[in-house]
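Here is the structure we will look at, set down as structure tokens.
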Amino acid sequence: MRLTRTMPPPLAKPAPTNSTRTESPYMKRPYNFSAGPATMPEAVLQQAAAEMLDWHGSGMGVMEMSHRGKEFISIYEQTEADLRELLAVPANFRILFMQGGALAENAIIPLNLARGGAADFVVTGSWGQKSYQEAGKFCNARLAASTQGNGFTTLPDPASWQLGADSAYVHICSNETIHGVEFHQLPDLKALGCNAPLVVDFSSNVASRPVDWSRVGLAFGGAQKNLGPAGLTLVIVRDDLLGHAVPQCPSAFDYKLVAEAGSMYNTPPTYAIYMAGLVFQWLKAQGGVAAIEAANIAKAQSFYDYLDGSQLYENRVAKDCRSRMNIPFFLRDESRNDAFLAGAKAAGLLQLKGHKSVGGMRASLYNAMPIEGVQALVAYMQEFERTQA
Ligand code: PMP
């Protein structure tokens, strides 16, 4: 006979929701433009809610399962396989699910790849700057190029990068979340005469577009923008880069040990992996990365077109490297910022305040932001502009 337990009452009554959205069958929520942790696909949240107490008849919620049990192993394997398919990750790359966030990787990468030598950094915004500074604790970090001089509003021409012949790796950030600058093509280091592997921080544009793996040695990112909840760090690394960690590298951060243990060297962030798995299923249902890229292009284009045509708002990034994911913008009259944000919130448009280091506003249009959210934002901004005139 199967034992069952009676459910205790919930801890607290659910809070009333701010009702502006209609496409969800049972929940009406505002649009959330946060840069991360960021909006999730509603279908994913609903499925996770439905499976919270009992995953697939197992009698357990996912966060109650042993990471070594057959239930979680099946979740893990499906999640990894779906990610490999979605991002077309070649067989000679390993997918690692780690912890510590992208900032921890700034230390973990030199510990694994630099072998105590030198690495070159292309700094196109705050996140690249942080990577460069942190890596300097663990290797000879060199500045190959920087666009700090123009406020991180352009990308430096790869032909101008100062790459050393002895470089263990070359680091770029493919999308600068704060400054809104994105590489629309990864650099071809070989064509620049550089044989070092390219390391890419793709925290904020992962799974928003295809990756040209022939140009990449290692790509990494936190999950909390396009993949799922915070707490999961994705590392995709070419086989030949495993096994070179310096002896001081913590074992839990040694890529070879983590790869050999199938990301279970220690307890992985099981619930975050499960949530990412649901996001991958949702992405596949949207038509995969090529389809989501087309949707992302349409969303970003409509927003930039509106900004460029407006008298009140402006984006300062050079057109050829504007981010599709994070769009910083400024009111030409900054004294209206607070009124803009308060009105946006009242209209069900959340978390539009720009990063404190840049000011102004920022709209993050990740995969899970529907086009209707962008349309609602533009409609609000038009109305705000009209009433300011
Ligand atoms: N790199 C980029 C491009 C980011 O956007 C962020 C977070 N916003 C980070 C690194 C830092 O990530 P974490 O907080 O997960 O360490």
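Here are the numbers:
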{"read-out": "Hey, residue 241 closer than 21 Å to residue 92 by Cα, in contact with a Pro (Cβ under 7 Å, 6 or more places away or on another chain) and away from the ligand (no atom under 16 Å from the Cβ) or not", "value": "yes"}
{"read-out": "Candidates 103, 53, 86, filtered to the one that is more than 16 Å from residue 269 (Cβ to Cβ) and either surrounded by 14 or more Cβ atoms within 10 Å (Cβ to Cβ) or among the polar types (S, T, N, Q) (or both)", "value": "86"}
{"read-out": "Strands (runs of 3 or more DSSP E) wholly inside segment 76-187 containing at least 3 residues that are closer than 14 Å to residue 201 by Cα and within 16 Å of the ligand (Cβ to nearest atom)", "value": "118-123, 167-173"}
{"read-out": "Filtered residues of segment 315-335 (kept if in contact with a Leu (Cβ under 8 Å, 6 or more places away or on another chain), over 21 Å from residue 206 (Cα atoms) and modelled with pLDDT of 95 or more)", "value": "315, 318, 329, 331"}
{"read-out": "Residue within segment 259-274 that is of a type in the set (A, V, I, L, M, F, W, C), touching a strand residue (DSSP E or B) at 6+ places or on another chain (Cβ under 6 Å) and within 16 Å of the ligand (Cβ to nearest atom) present", "value": "yes"}
{"read-out": "Breaking point among (1) under 24 Å from the mean Cα position of the chain (by Cα); (2) free of Cβ contacts under 8 Å to residues at least 40 places away in the same chain, for residue 386", "value": "(1)"}
{"read-out": "Those residues of segment 216-228 which are farther than 21 Å from residue 113 by Cα, open to solvent by less than 40 Å² (accessible area, probe 1.4 Å) and not hydrophobic (A, V, I, L, M, F, W, C), in sequence order", "value": "225, 226, 228"}
{"read-out": "Subset of segment 188-215 (residues that are closer than 20 Å to residue 283 by Cβ and either within 16 Å of the ligand (Cβ to nearest atom) or surrounded by 16 or more Cβ atoms within 10 Å (Cβ to Cβ) (or both))", "value": "200, 202, 203, 204, 205, 206, 207, 208, 209, 211, 213"}
{"read-out": "So residue 166, is it open to solvent by 10 Å² or more (accessible area, probe 1.4 Å), over 20 Å from residue 276 (Cα atoms) and touching a residue at least 40 places away in the same chain (Cβ under 8 Å)", "value": "yes"}
{"read-out": "Those residues of segment 229-242 which are open to solvent by 10 Å² or more (accessible area, probe 1.4 Å) and part of a strand (DSSP E or B), in sequence order", "value": "238"}
{"read-out": "Residue 280 vs. criteria open to solvent by less than 10 Å² (accessible area, probe 1.4 Å), within 19 Å of residue 173 (Cα to Cα) and at pLDDT 95 or above", "value": "no"}
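Condition check ((1) of a type in the set (Phe, Trp, Tyr); (2) surrounded by fewer than 21 Cβ atoms within 10 Å (Cβ to Cβ); (3) at pLDDT 95 or above) across all residues:
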| residue | (1), (2), (3) |
| --- | --- |
| 132 | yes, no, yes |
| 136 | no, yes, yes |
| 156 | no, yes, yes |
| 173 | no, no, yes |
| 179 | no, no, yes |
| 186 | no, yes, yes |
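Each row is one residue, and each column tells you yes or no for (1) among the acidic types (Asp, Glu); (2) touching a residue at least 40 places away in the same chain (Cβ under 8 Å).
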site: 171; (1), (2): no, yes
site: 176; (1), (2): yes, yes
site: 183; (1), (2): no, yes
site: 191; (1), (2): no, no
site: 214; (1), (2): no, no
site: 230; (1), (2): no, yes
site: 244; (1), (2): no, yes
site: 258; (1), (2): no, yes
site: 264; (1), (2): no, yes
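The values are calculated or read from the model by the stated rules, or taken from the named source; none is laboratory data. In this text, all values refer to a predicted model and were calculated from it rather than measured experimentally. For neighbour counting, all protein chains shown are included, and Cβ atoms are generated from backbone atoms with ideal geometry for every residue, glycine included. These accessible areas exclude ligands, DNA and RNA; they are computed on the full protein's heavy atoms, side chains included. Shrake-Rupley method; radii C 1.70, N 1.55, O 1.52, S 1.80 Å.
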